[in-house]
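J.: Structure below; questions to follow.
The values are calculated or read from the model by the stated rules, or taken from the named source; none is laboratory data. The model shown is predicted, which means the values in this text are computed figures rather than measured ones. Virtual Cβ from ideal backbone geometry, glycine too; neighbours counted across all protein chains shown. Surface accessibility is based on the protein's heavy atoms, side chains included, excluding ligands, DNA and RNA. Shrake-Rupley method; radii C 1.70, N 1.55, O 1.52, S 1.80 Å.
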Amino acid sequence: MAVVELKAPVDGVILPLEQVPDPVFSQKMVGDGVSIDPLSEVLVAPCAGTITQLHHAGHAVTVTSAEGLEVLLHIGLDTVALKGEGFTAKVEVGQQVACGDPLIAFDADYLATHAKSLLTLMIVTNGEVVAELKAHRGKVRAGQDVCLTLTLAGAAAGAQEVHGKRVVSQSIVIANPSGLHARPAAVLASLAKQFKSKVLLQRGDDQANAKSLTAVMGIAIGHGDKVVLIAEGPDAQQAIDTISPELAAGLGDEGSRPAPAPATATTEPDPARAPAPRPQSGDANLLLGVAASPGLGVGKVYQLRREEVQVAESGDADPGRERRKLEDALERGKNELEALQNELKAQADAKKAAIFAAHQELLDDPGLLDIAESAMAKGKSAAWAWQRAYLTLAEKLAGLKNEVMAGRAADLRDVGRRVLGILTGQAVQAPRPPAGSILIAEDLAPSDTAKLNPAEVFGFATVGGGATSHVAILARALDIPAIAGIDPRALDLPDGADVILDGGKGQLRIHPDPAEVLRISEVKLRMAAKKAADLAAACAPANTTDGHHIEVVANIGGLADAQKGMLLGAEGVGLLRSEFLYLDRASAPSEDEQTAIYAEIARALAGRPLIIRTLDVGGDKPLPYLPMPREENPFLGIRGVRIGLDRPEILRTQVRAILRAGKGQQIRMMFPMIATLDEIRSVKGLVEEERARLPDADPVELGIMVEVPSAAILARQFAREVSFFSIGTNDLTQYTLAMDRGHPKLAAKADAMNPAVLQLIALTVQGANAEGKWVGVCGGVASDPQAVPILVGLGVRELSVSVPAIPAVKAAVRQYSLAECQALAQQALAQGTAAEVRALVASDY
């Protein structure tokens, strides 16, 4: 294979491309290469060749070598905006040049004061002809020192249109310990180049030319990722048959251990082969994920697969025309989303409407628009620039450790596809699965989820997403059982296969026994009848059989939830998540705005209690107008009440608003993530200072969330400081067990019914009782009917639950006497595992 050396186009110091402060270059969307901090003022040819492109603004030129390498030379960043000022072209398109010939003279002093950066880029834009690229380092002299050494792979494989049969491989799990790094990516490219057909490697929405080393490396395929190969051309089937097993086997990469293919009736297992990785559940027919929406679904698999829209990369010679195309598409996308919001509001579905309001906000996101703008300024089409922008940011979001932020990747892809469809005239079609389907997908868009018909789709499971994603929220609103983070093997299930989906447990049963299918179908009928009976009795009090009353209240995120909770029998609100006022906006809500909303919700409760939790954000779920430094572990950093004490102006505003709204109402104030006595004492002092400024404010009871073990262990000391406790079992469980509740492999084990968590709840109740205070539970376990008798038996007096769960939780209270609950609680504390605890209480199924 031929080797080509590219000399330095300017005097200066070579910097890695990744350090360039422009995402289009640093993320190698244009191609691979180097950047140089220039010390001279004349750009010279890095090799002999032909001038094939000279930008009208004079800041960029492309030299095509005799070997077919297309080398883009770009002076400075965002210099297209200078419209030629400071540049003097020394060549014209079609001209032959020798290495070292002057191409463009530039005024470095002028650029230094008018451009974003002087960094000069040398990029190989047709990476598919390159098998290996080596970037040099250090100080270089123009036309003399080598910057890049390139090993060519032959003629450009994709230069000619290829037509013919299209073949898609089965899903392949990447076995390489370090993913497809340079060595296996080069082997893949070499294999793909043996075929005339176009060969693509696809992972979810990401797609790369398999014949291009840099393209394959650019989509960062990691160990365990699920990919498919797509071949189109005269030898497509042969390409797939040849490359697929090599890719599955690791492409010769040391340490790769692929999972063996499933055994068939005619295939004897090979004892010499390494054993297949043990399934997460220990049961080959049980796939695990994260519980996203409760319920049971029995149906047939429907695999939802999307192919990425193909777009032309090159745009109009005038970037302004491309910019206008994108602006028009964005405006139309906003109008469509606004119409969708209005339709949902007319149906009194505020929660769904709020999700698509957030989508509308994404279309104004400056980070997204900056990437697209930068690409269009470099000659890319509006569609290509937009597609790269939203896919790049979505991939970054998906890779975040925080479950909430990672879950927003699906929102970004959804709104991105909407605008791309407008730009290309290829509108994204909503999935239309047949009746009785269990839908399986890599990921599901919120707009697709909102259109699912629960009478036809009996459940769905996605490899991506989490329990807090908008898709999960919509599934719960639609009452469709759902699992997120499902084992990727689900993508291999054939269409039409029978499965049982348990959204409450995050389990997908494959190859179910017909008797099991019949049993689950009967369970569903019983559950439907029980749900109707619970609903009919929803407004009756939640009293045990011997008359002990438990207050069942609602967890809400706004006025609409409060109104719905009242209709379903809620006795008040045990948790108003005030974050809904702060999210998806450019500035914090004012004191007057907060006061009005809190007062409106209090009026909707007609004198029933309203507990408002103060703002609960932090490094794991930051606000755009409240910048915070990145933390290595945000769950152990500045979050909850700590941010209120660190930035007291926001907490003081909220406290004043609550005090003002509380006049004549039964409003209580609750503080999140309290871990030390100093924290609650500081907060109490702040509240008293603000109360002193509002002499006509009524007294407001103060309470804390018990979410960390220290608060439970010191419950008696904390009880002397506050009027009540509300146990947030979601965080308490993950902090006690050191398990992220959103982790697909650990979520099933992060069960609040674990005896260790129950012991902390018992400690909290004991400490509160000793000081004459009461305890509620507002975490997810309070909404679990199976947990209700144990919580009641531990002495919990209030259960604050999700709005739809109110009738079922009240019904669960009525099933037992207080003595029975207390006996169950004592037995539960003596158990060793969550499973043993759950076995004590009869389940609906």
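J.: In segment 470-485, which residues are modelled with pLDDT under 90 and not in a helix (DSSP H, G or I)?
T.: Asp479, Ala484, Gly485, listed by residue number.
J.: What are the residues in segment 567-603 that are in contact with a helix residue (DSSP H, G or I) (Cβ under 7 Å, 6 or more places away or on another chain), of a type outside the set (Phe, Trp, Tyr) and over 30 Å from Leu412 (Cα atoms), if any?
T.: Leu568, Gly569, Ala570, Val573, Glu591, Thr595, Ala599, Glu600, Ile601, Ala602
J.: Which one of these is of a type in the set (Asp, Glu), open to solvent by 20 Å² or more (accessible area, probe 1.4 Å) and more than 36 Å from the chain's Cα centre (by Cα): Glu836, Glu771? It would help to see each step written out before you state the result.
T.: Numbers: Glu836 fails: more than 36 Å from the chain's Cα centre (by Cα).
None of the others qualify; the one that does is Glu771.
J.: Let me ask something else. Might you let me know whether segment 51-69 holds any residue that is in contact with a Pro (Cβ under 8 Å, 6 or more places away or on another chain) and within 18 Å of Asp109 (Cβ to Cβ)? Outline the logic, then answer.
T.: First, the residues of segment 51-69 that are in contact with a Pro (Cβ under 8 Å, 6 or more places away or on another chain): 63.
Right, trim to within 18 Å of Asp109 (Cβ to Cβ) and you get none.
Within segment 51-69, not a single residue is in contact with a Pro (Cβ under 8 Å, 6 or more places away or on another chain) and within 18 Å of Asp109 (Cβ to Cβ).
J.: Turning to a different aspect of this structure: How about segment 508-545: which of its residues are in contact with a helix residue (DSSP H, G or I) (Cβ under 9 Å, 6 or more places away or on another chain), open to solvent by 40 Å² or more (accessible area, probe 1.4 Å) and of a type in the set (Ser, Thr, Tyr)?
T.: Thr545
J.: Among the candidates Leu799, Leu763, which residue alone is without any contact (Cβ under 8 Å) to a residue 60 or more places away in the chain and in contact with a helix residue (DSSP H, G or I) (Cβ under 9 Å, 6 or more places away or on another chain)?
T.: It is Leu763.
J.: Can you tell me which condition Pro275 does not meet? The list is (1) crowded, with 18+ Cβ neighbours inside 10 Å; (2) closer than 30 Å to Ala497 by Cβ; (3) modelled with pLDDT under 80, and all the others hold.
T.: It fails just one condition, (1).
J.: Let me ask you something else. Would you tally the residues in segment 676-717 being touching a Ser or Thr at 6+ places or on another chain (Cβ under 6 Å) and among the acidic types (Asp, Glu)?
T.: 1
J.: May I pose another question? Output the residues belonging to segment 183-203 that are under 32 Å from the mean Cα position of the chain (by Cα) and modelled with pLDDT of 75 or more.
T.: Leu188, Lys198, Val199, Leu200, Leu201, Gln202, Arg203, listed by residue number.
J.: Residues that are among the charged types (D, E, K, R) and at pLDDT below 95: list the helices (runs of 4 or more DSSP H) wholly contained in segment 731-845 that include at least 3 such residues.
T.: none
J.: Would you say Ala156 is at pLDDT below 55 and of a type outside the set (Lys, Arg)?
T.: yes
J.: Then there's this: Restricting the search to segment 802-833, which residues are touching a Leu at 6+ places or on another chain (Cβ under 9 Å), within 22 Å of Gly565 (Cβ to Cβ) and open to solvent by 60 Å² or more (accessible area, probe 1.4 Å)?
T.: Pro804
J.: Report every pair of residues separated by at least 6 positions or lying on different chains whose Cβ atoms are under 6 Å apart, first residue within segment 105-131 and without any contact (Cβ under 8 Å) to a residue 40 or more places away in the chain, second crowded, with 21+ Cβ neighbours inside 10 Å and among the hydroxyl-bearing types (Ser, Thr, Tyr).
T.: Ala115/Thr79
J.: So, in segment 369-411, exactly how many residues are modelled with pLDDT of 80 or more, of a type outside the set (Gly, Ala, Ser) and outside any helix (DSSP H, G or I)?
T.: Residues in segment 369-411 being modelled with pLDDT of 80 or more, of a type outside the set (Gly, Ala, Ser) and outside any helix (DSSP H, G or I): 2 in total.
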